[in-house]
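The values are calculated or read from the model by the stated rules, or taken from the named source; none is laboratory data. The shown structure was predicted, so the numbers you read here are calculated from the model rather than taken from an experiment. Backbone-built Cβ (ideal geometry, glycine too); neighbour counts: all protein chains shown.
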Amino acid sequence: MPQLTLIMPAFNAAPFIEEAIGSLLHQTFTDFELWLVDDGSTDATRAKMNLFQDNRIKRFYFNENRGRVVSMNEMVQLVETDYVSITDADDVSHPSRLQKQMTLLNQKPEVAMCGTSYWAMDENGRLIRLVSLSDDYAHIREANLVMPQFHGPTTIFRTRMVRELDEFYRLYFRKNMADTDLAARVIDQFPSVNLKEPLYYYRILRTSVSRREFSFRFAMIDRTIIHLSKQRRTSGLDSLQKSDTTELEKICERVGGCLCG
């Protein structure tokens, strides 16, 4: 059995999915399975997924779009490898990304999650901005109460540790930032680090609402995730874990609608 399962959910990702898949198949680290999940695409995503012939690939097809959170929660339950990662269908990984992350994780068994710094790029692959992230867990744990310290698609998780969480992605965040909430819960419970070297290229799409930066609504989701983290660190459980969304609903009302679910 391989060490790592990479899961790539895709919905109408035809323009970029070939490059995304290719960047994973050409990694210096090869001991992985790549699960390609077509979440009800209506474009040529499925046809482009099928262009690749590699015995590390497994394909899964959903006839209807169920959304990233629902489909990935189902897929993660099927994982049997020691490590798992959810990667995006329009981004690119540096050839040595997996090798360097897996080396760290194998050397440090106490670490549950390893991410990397990354480059933001435009639709044409032009580099826009370098985002450097900390490699120090003490700093990460403190700073995560101010702003997110991990970029979701760069992260590799130790499977047995994330399964100790109540959920993988939480349905409350099914529209946006489920990976940020997941990272916060991992950080609160387990040592988690980044590689300072940028090993991931994050594509910012003009048509993607989920990638608009600095919006008020997304800032409020960040604040909600931070608030939940503070609750867990203080009392052991947050409002969602206690099935008490009253306080979160008040936040939604102040900004004119539900932020997450």
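Within region 23-78, if we keep just the residues that are among the small types (Gly, Ala, Ser) and surrounded by fewer than 20 Cβ atoms within 10 Å (Cβ to Cβ), the residue that is nearest to residue 97 (Cα to Cα) turns out to be 23.
Exactly one condition in (1) at pLDDT below 95; (2) within 18 Å of residue 22 (Cα to Cα) is not met by residue 63; state its number. For residue 63, the failing item is (2).
For region 75-96, filtered to residues that are within 15 Å of the chain's Cα centre (by Cα) and not β-branched (Val, Ile, Thr), the residue that is nearest to residue 172 (Cα to Cα) is 75.
Taken over region 120-140, the residue count meeting the criterion of being in contact (Cβ under 8 Å) with a residue 12 or more places away in the chain and either surrounded by fewer than 17 Cβ atoms within 10 Å (Cβ to Cβ) or of a type in the set (S, T, N, Q) (or both) is 10.
For region 90-110, a tally of residues being assigned to a loop (DSSP other than H, G, I, E, B) and not basic (Lys, Arg) returns 7. Apart from one condition, residue 69 fits all of (1) in contact with a Lys or Arg (Cβ under 8 Å, 6 or more places away or on another chain); (2) not in a helix (DSSP H, G or I); the exception is (2). Applying the condition of being touching a Pro at 6+ places or on another chain (Cβ under 7 Å) and part of a strand (DSSP E or B) to region 111-129 and asking which residue is nearest to residue 191 (Cα to Cα) yields 116.
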